[in-house]
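Laboratory data are not the source of any read-out in this text; all were calculated from the coordinates shown. What you see is a predicted model; the values in this text were computed from it and never measured. Methodologically, a virtual Cβ is constructed for each residue, glycine included, from the backbone with ideal geometry; neighbour enumeration extends over all protein chains shown.
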Ligand SMILES: Nc1ncnc2c1ncn2[C@@H]1O[C@H](COP(=O)(O)OP(=O)(O)O)[C@@H](O)[C@H]1O
Ligand SMILES: [Mg+2]
């Protein structure tokens, strides 16, 4: 089983949108996925439980319970574990990063969000996990030219030596409306949004590929 943690110490960056879309992307590609929601607001659980069709399995979790939830998921043959994390909760977020193969950081292109990325980046670096940074809710380019906001954000991410993902998620209502019924934008009529999620999935799956070997079962208790 492979595990990814979606993190940002700042709220509203798009973590839950990314976490639910990655779990749905795995499900739509036939992978048995489990999403663990560590946020007390339970947004990810609310989103996925609105889905009329079958979807990825989901459960609530919190810092101390995360390890046993991971063992249980491995024992039940899950292929992918996606952990959605709360904002601000350094201990919970650290726990999720430590138990993950990769950390996916999500950031909006505003100055406040970019400033808030610095502590998230140093947390991930301190825990020595492979990671990627997804720019989210970015305004669309006009005539192929990125807005000054996005250009400045890219410069800031470069200053921080942030490992930028090769795909940017644009601000699109499809991301909001699709999740109202627990669906991915890949299941809606917005090909541009769908292409962004497909590209993000491909990127994340490539990063996870090295971690694909089978997990060992936990040793028997003495
Ligand atoms: N790419 C996007 N385009 C438009 N709205 C978005 C996008 N990503 C997130 N949002 C919206 O921004 C808000 C915060 O997103 P959410 O995923 O809940 O963030 P977090 O989990 O980091 O708090 C939600 O209302 C969500 O619908
Ligand atoms: Mg959230």
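Some points to look at:
- Taking label positions 7 Å along the Cα-Cβ direction at both residue 176 and residue 91, the computed distance is 3.5 nm, reported to one decimal.
- Shape of region 2-208, Cα gyration tensor, a/c cut at 1.5: oblate
- Put simply, when 108-118, 144-154 are sorted by average Cβ atoms within 10 angstrom per residue, most first, you get 108-118, 144-154.
- Extension gain for residue 187 to residue 54 (0.36 nm times residue separation, less C-alpha to C-alpha distance): 46.6 nm.
- The length gained on full extension between residue 71 and residue 151, counted as 0.36 nm times the residue separation minus their Cα-Cα distance, comes to 24.5 nm.
- Per-residue [θ]222 nm for the chain (sum of -39500 (n - 2.57) over DSSP H runs n ≥ 4, rounded to 500): -13000 deg cm²/dmol
- Model label zone, residue 46; criterion: amide N under 12 Å from point 7 Å along Cα-to-beta-carbon; scope region 1-40: 40
- Based on Cα contacts under 8 Å between residues 6+ apart, region 2-208 shows a relative contact order of 26 percent.
- Within the listed set 140, 25, 165, the Gaussian network model of the chain (springs between alpha-carbon atoms below 10 Å) gives the highest mean-square fluctuation for 140.
- Sorted on the mean count of surrounding Cβ atoms within 10 Å across their residues, most packed first, peptides 81-88, 195-202, 13-20 read 13-20, 81-88, 195-202.
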